[in-house]
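Each remark here refers to the structure printed beneath this line.
The values are calculated or read from the model by the stated rules, or taken from the named source; none is laboratory data. All values reported here derive from a predicted model rather than from experimental measurement. Cβ: placed from backbone, ideal geometry, glycine included. Neighbour counts: every protein chain shown. We work out accessible area using only protein heavy atoms, side chains counted, and drop any ligands, DNA or RNA first. Shrake-Rupley method; radii C 1.70, N 1.55, O 1.52, S 1.80 Å.
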Amino acid sequence: MSSRIIPVQPFDYVVFGATGDLTKRKLIPALYHRFKDGQFDEQSHIIGVSRSKLSDADFQKLARDAVTEFVEKEYQDAAIIDRFVTIFSYVANDVSDPTKWTDLGKALRDDPKIVRAFYLAVAPDLFEPIAEYLSKKKYYRRDARVVIEKPLGHDLASSMEINDGVSKIFKEDQVYRIDHYLGKETVQNLLALRFANTLFEPIWNSAHIDHVQLTVAESVGAGTRGYYDESGALRDMIQNHMLQLLCLVAMEPPASDDANALRDEKLKVLRSLKPIVNGDVARMTVRGQYRGVKSETTSVAGYQDELPEAKKGSRTETFVALKAEIENWRWAGVPFYLRTGKRMASRVSEICIQFRSIPHSIFDHAEGAPKANKLIIRLQPDEGVKMMMMIKDPGPGGMRLREVPLNLSFAQTFSERTPEAYERLLLDVIRGNQTLFMRRDELEAAWKWVDPIREAWDNSSEPTQSYTAGTWGPTGSIALIERDGRTWYEGEN
């Protein structure tokens, strides 16, 4: 089975922050794969903008080096790379200083049939100056699109300030707030699983589902990522990625797959989240920070060891677990347990839908009690969907019940390469499809729910719980779920 490649219109993609790590590691490799697969050709242009003094040839070399380093060897084709780099050009520009604004117009085409998109791979404090630059230089068009990267603020007030700055120039239907998690194939398949099959939707409610677990675990540490100590896991992961996953699991069926119809339903979920405030914060949330490990075979630095001297003693969390509740008819009484962290036992992102136990077992004398069904949606690695079912263990001599998986592995089912998230999202911008991008009211609803948790932590004298690197987090996260008579699903990790 092969996927159908649908070409996009020719475009001018202007990337601000063109020499940064995101551009080299993610954007250029993603664009290369789409070019290689024929979704666009030399009629489209990539225009890099940053303060560095580079020539077109220098930027083309940067693009070539990015493909060589970050694209798997089996997908590198010398002839295609030679063609690909010819679409790159460069403009040196310090957009933070209006006295140094240079002319981007020589690289942009005036043809209205050529889609114009601006990717802001820069710090959020540059979003408004760039928008102002585009407007004053008359590069803005009503049909232009602008892509903005997180972090979009550190709380509701700062998020609103950033969005206000962008919206002075760009209308909401032009703004694409990117969250790469929403571009993952398995995340999109969650929509197909729910709304393209009659099997699941009738039982996707509190009558049949006991609880839901969402886990996004990383085995790497925060390292020297300077911004991380200013954000922490709550802002870095819960506020955006994980609340978006929760919305896709919990939302009502939209009237269509129109972008606003889907985002309307996600917004309803966010607004239905029960606030976690005051004394509930200590009871329903856990924050942790990994500590180092030293043995004869292993040496892993703790978070405090990785911090510069000026930040030693930081209480920034590298792990969060919390219990969320959605106050509506579908999900009343069904807890959603979320956890995310760095330096955990393995790298895994998955959703576990735990169904209720059968109301009555007829197998009183069977060996092995029936276990409640589980649906596991693995986002990474080894993307797939697995349904845990009870069957009779083959063989004579009585009834022996055994739990086995019905396993859909994407790698085994689909022979072609699975595109990376940025490949889909970058070209969705060109298509004008906002389905997988966050709307402003979604973003603000998420901040409104997260902010009281952050404020309670900041005002608390309780220390951040520690956990050993390479484990599943602090003991408090185990207590969080086990006091409800449940346990974290850790599968085959």
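Below are the figures for this structure:
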read-out	value
Matching option when the condition is of a type in the set (Ser, Thr, Tyr), in a helix (DSSP H, G or I), open to solvent by less than 30 Å² (accessible area, probe 1.4 Å) and under 18 Å from LEU427 (Cβ atoms), among TYR32, TYR13	TYR32
Residue list for the stretch 190-223, restricted to those being open to solvent by 40 Å² or more (accessible area, probe 1.4 Å), of a type in the set (Val, Ile, Thr) and either within 22 Å of GLN239 (Cβ to Cβ) or assigned to a loop (DSSP other than H, G, I, E, B) (or both)	THR198, VAL220
The stretch 154-177: number of residues that are farther than 13 Å from GLN434 by Cβ, open to solvent by less than 40 Å² (accessible area, probe 1.4 Å) and part of a loop (DSSP other than H, G, I, E, B)	1
Residues of the stretch 171-229 classified as of a type in the set (Phe, Trp, Tyr), touching an Asp or Glu at 6+ places or on another chain (Cβ under 9 Å) and more than 30 Å from VAL115 (Cβ to Cβ), total	2
Options GLU296, GLU265, GLU317, GLU327: the member that is closer than 17 Å to GLU462 by Cβ and either of a type in the set (Asp, Glu) or open to solvent by 40 Å² or more (accessible area, probe 1.4 Å) (or both)	GLU317
Odd one out for ASP280 among (1) open to solvent by 10 Å² or more (accessible area, probe 1.4 Å); (2) closer than 30 Å to ALA192 by Cβ; (3) part of a helix (DSSP H, G or I)	(2)
Meets criteria (open to solvent by 20 Å² or more (accessible area, probe 1.4 Å), over 23 Å from the mean Cα position of the chain (by Cα) and closer than 19 Å to LEU425 by Cβ) for GLN39	no
Enumeration of residues in the stretch 63-87 that are closer than 16 Å to VAL15 by Cβ, open to solvent by less than 50 Å² (accessible area, probe 1.4 Å) and either free of Cβ contacts under 8 Å to residues at least 40 places away in the same chain or in contact with a helix residue (DSSP H, G or I) (Cβ under 7 Å, 6 or more places away or on another chain) (or both)	ALA63, ALA66, VAL67, PHE84, VAL85
Scan of the stretch 277-307 for residues that are among the small types (Gly, Ala, Ser) and in contact (Cβ under 8 Å) with a residue 40 or more places away in the chain, ordered by number	ALA282, GLY288, GLY292, ALA301, GLY302
Filter pass, LEU273 being at pLDDT 90 or above, within 23 Å of ALA456 (Cα to Cα) and among the aliphatic types (A, V, I, L, M)	yes
Close pairs from the stretch 447-476: first free of Cβ contacts under 8 Å to residues at least 60 places away in the same chain and under 18 Å from ASP280 (Cα atoms), partner aromatic (Phe, Trp, Tyr) and surrounded by 20 or more Cβ atoms within 10 Å (Cβ to Cβ), Cβ under 6 Å, at least 6 apart	none
Matching helices (runs of 4 or more DSSP H) fully within the stretch 381-493 where at least 1 residues are among the hydrophobic types (A, V, I, L, M, F, W, C), open to solvent by 60 Å² or more (accessible area, probe 1.4 Å) and in contact with a strand residue (DSSP E or B) (Cβ under 8 Å, 6 or more places away or on another chain)	410-413
Number of positions in the stretch 88-129 that are without any contact (Cβ under 8 Å) to a residue 40 or more places away in the chain and open to solvent by less than 20 Å² (accessible area, probe 1.4 Å)	1
Contacts under 6 angstrom Cβ, first residue in the stretch 248-272 being over 18 Å from ARG440 (Cα atoms), partner open to solvent by 60 Å² or more (accessible area, probe 1.4 Å) and not in a loop (DSSP other than H, G, I, E, B), 6 or more apart	PRO253/PHE195
Members of the stretch 423-464 that are under 20 Å from the mean Cα position of the chain (by Cα) and over 24 Å from VAL115 (Cβ atoms)	ASP441, GLU442, LEU443, GLU444, ALA445, ALA446, TRP447, LYS448, TRP449, VAL450, ASP451
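The rows are residues; the columns are (1) at pLDDT 90 or above; (2) under 20 Å from ILE353 (Cα atoms).
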position: PRO452; (1), (2): yes, no
position: ALA456; (1), (2): yes, no
position: SER477; (1), (2): yes, yes
position: THR487; (1), (2): yes, yes
position: GLY491; (1), (2): no, yes
